[in-house]
1. If only Cα atoms are counted, what is the Rg of the range 48-237, and what is its Dmax, in Å?
2. With a bin width of 10 angstrom, please list the P(r) values of the range 280-321 as percents of all Cα-Cα pairs, from the 0 bin to the one holding the largest distance.
3. Can you tell which of 293, 283, 308 lies farthest toward the positive end of the dipole of the range 280-321, using +1 and -1 charges on the Cβ of basic and acidic side chains (Lys, Arg; Asp, Glu)?
4. Could you derive backbone 3J(HN,Hα) for the range 190-203 from the dihedral phi with the Karplus parameters 6.51, -1.76 and 1.60 (θ = phi - 60°), listing whole Hz in sequence and x where the residue is Gly or Pro?
5. Give the share of C-alpha pairs in each 20 angstrom bin for the chain, from 0 to the last occupied bin, in whole percents, shortest bins first.
6. When all protein chains stay in place, what accessible area (Å², nearest 10, 1.4 Å probe) is found for residue 190?
7. Can you say what percent of the DSSP beta bridges in the range 517-670, counting only those with both residues inside, are antiparallel? Round to 5.
8. In deg cm²/dmol and to the nearest 500, what is the mean residue ellipticity at 222 nm of the chain if only DSSP H runs of at least 4 residues count, each as -39500 (n - 2.57), divided by the residue total?
Amino acid sequence: MERISLDSIPGLGRARRERKATALPLLCLLAFAPLATAQDTAPDERDLDQPVMARMLRSGDAAKPLLSLTPKGAQPLDTHEAQLDLRIVYTRSRIWNPESQRYDEVNLRSYQSPGTHPDVPFVAPTIVTSPGETVRIRLDNSLPEQKDCAHSDINIPHCFNSTNLHSHGLWVSPTGNSDNVLLTLRPGVKFEYEYNLPADHPAGTYWYHPHLHGSTALQVSSGMAGALLVRGNRLPAPGRTGDLDTLLREPDGSALPERVLLFQQVAYACRDKATGKIKVRKNAAGETVAWVCDPGDVGEIEGYDQFGFEPGAKIDTWVQSGRHTSINGDVLPTFTGLVAGRIERWRLLHAGVRDTINLQLRELRANPGSLEGLSGTALDNWVARNCTGPVVPQFEVAADGLSHARAIEKAENVLQPGYRSDALVVFPKAGQYCVIDAAAPASASILNAAEDRQLLGVATVAAGSGAPIAQLRPYVTDRLVAAVETQMPTDLRAGIVAALRDGLRLDAFVPHPDIGDGELTGKQDLVFNIDGSRIPNVYMVDGYPYDPSKSRDLILGNVEEWELRSELGGHPFHIHVNPFQVSRILDPQGQDVSVSGEKNDPQYANTKGTWKDTLFVKKGYRVFVRTRYQRYIGEYVLHCHILEHEDQGMMQNVRVLVPDGKGGGIDSSRHH
Ligand SMILES: [Cu+2]
């Protein structure tokens, strides 16, 4: 097996800078406003930093990076192990609140690990592993005991201090102490998860988060989520595709600079001590326009009234709250270290709970005026007035960790909860750019209501060595080709270059073979629905709320087409273990929108043929995906990735059974 060496990745694992109270805040950089002096109102420097790298113990030597331990020419079955300690505790810290122009004190459940930055505790460390490695995570649930937290209805959120762990997207066993989300780890319990990544595991962008039915949304929304990167160095070979990591290089052989962008929606609230109600500010019409925390208050996430809809409200609590989607634990960060003309690989990861993010990069107008004190509609207007320059396209090379057969150029990158997108980003010239969550039409978003745009951050791009780039697509193509011509073995070059020149085809790097009609052995149907006539609402898959005693039985080795539908609202469908390939997506008129997308909604454009593990299902659409039940048996889950829907019943158990040799499966739980 031929391998090329992996160098250390620039831009990853950089130590967090000291956050100095004297540093120029973002607002001042933009507006040259005088420095605020009051400690609690002066924003610290909020440069976008990478989440800390997980300090993993490997082969008895934590100091050496993983890949230096891999001997040249090693076979994929060499034993490698990496171990990480992850402790769950309440953590007191603070979060910048653009709405009040203050830091809010918060006390939230969080993952603590060696190296966790005390100022940014609500984002978990980035785990880096490789195919063939065993990842051990020693999870220590140190949350306080909760007495009598069980609920007679398992679809009423409960027991917020119990937990477990999910390795989202990993192609590993769902049982035992592997990716088993049916375990309950009560307070005080330690448990060692063990993910044995097979040697043929695709390299890509995955993530991890808690997944216990009843507390998932509450814990993930507290910031308990981290990136999990699988790095590969396998070159394409006859009969086998290669890792995208071997392609995404500079002509000198170094990997493209990378950025993990982990988006989170930390829905903390401060409550009135007498009534227990969330403190809010209302407008003249009596509608909630923001959640407020008064000086001395401590924001918390302790109830499911912090998710979804207030009874009778038209917009959801996240939008009402005025909270901002954070990136790597920072609200409204400044992206630094960018250089015009330098291609970066952005690993985008939607680790939020429910709101769609339409990521867009646009040049910021000159002299934009101060952002200071702006929030809500005023901030929206600032964005509308100033984030008006040309859009910088994103070239998506993989979704949900799985490489595309062709890079997809996106002016807007629609990320639903659970989605990952690996995108090549290059800024054409020096200047400042807006990183925005663009407005979305009603049908495209989870809220099923038109969403406002939101500023997520500002990117400062330094001048590069070359002239401004007029056309980014040929530029990206030429750079990738140049790297192939200097770095790829000679016998591979011509084929890969020809593919890149043919509309950025990447087919030598797609991990799973296409599923053609002839391979299909059967069909599955799935329907999401919400019964809003009952209080509380009932969240269902196939007509019933989550019932752990029921399961959808599948047979190992079968290859099936699933038809996914939603009768109310849009829901991101996620299934564990085996990913699926998008076959076609029919709109309510029966038109396949998986190639050219739809007017006003780009999210389904070019999804045909792509591999994913999470896919948005719009109401009234028929979404067809194909999947193989391969290698792994056992019971696991599928669910909606709006996590409070999952906690309230929009989940179903799946069992992959060993075939009985007669066309059925052996139900081992009922055989003796
Ligand atoms: Cu849902």
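1. Final numbers for Rg and Dmax: 17.8, 57 Å.
2. Histogramming the range 280-321 at 10 Å steps yields 26, 54, 19, 0 percent.
3. Of the listed residues, the answer is 283.
4. Karplus-based 3J(HN,Hα) across the range 190-203 equals 10, 8, 9, 7, 9, 9, 8, 6, x, 5, 9, 5, x, 6 Hz.
5. Spelled out bin by bin, the chain gives 18, 56, 25, 1 percent.
6. Answer for residue 190: close to 150 Å² accessible.
7. 75 percent
8. Theoretical 222 nm ellipticity from helices: -2500 deg cm²/dmol.
The values are calculated or read from the model by the stated rules, or taken from the named source; none is laboratory data. Every value quoted in this text rests on a predicted model; they were computed, and no experiment measured them. Note that we place each Cβ from the backbone using ideal geometry, even for glycine, and neighbour counts take in every protein chain shown. Quick note on the areas: whole protein, heavy atoms, side chains included, nothing else; ligands and nucleic acids left out. Shrake-Rupley method; radii C 1.70, N 1.55, O 1.52, S 1.80 Å.
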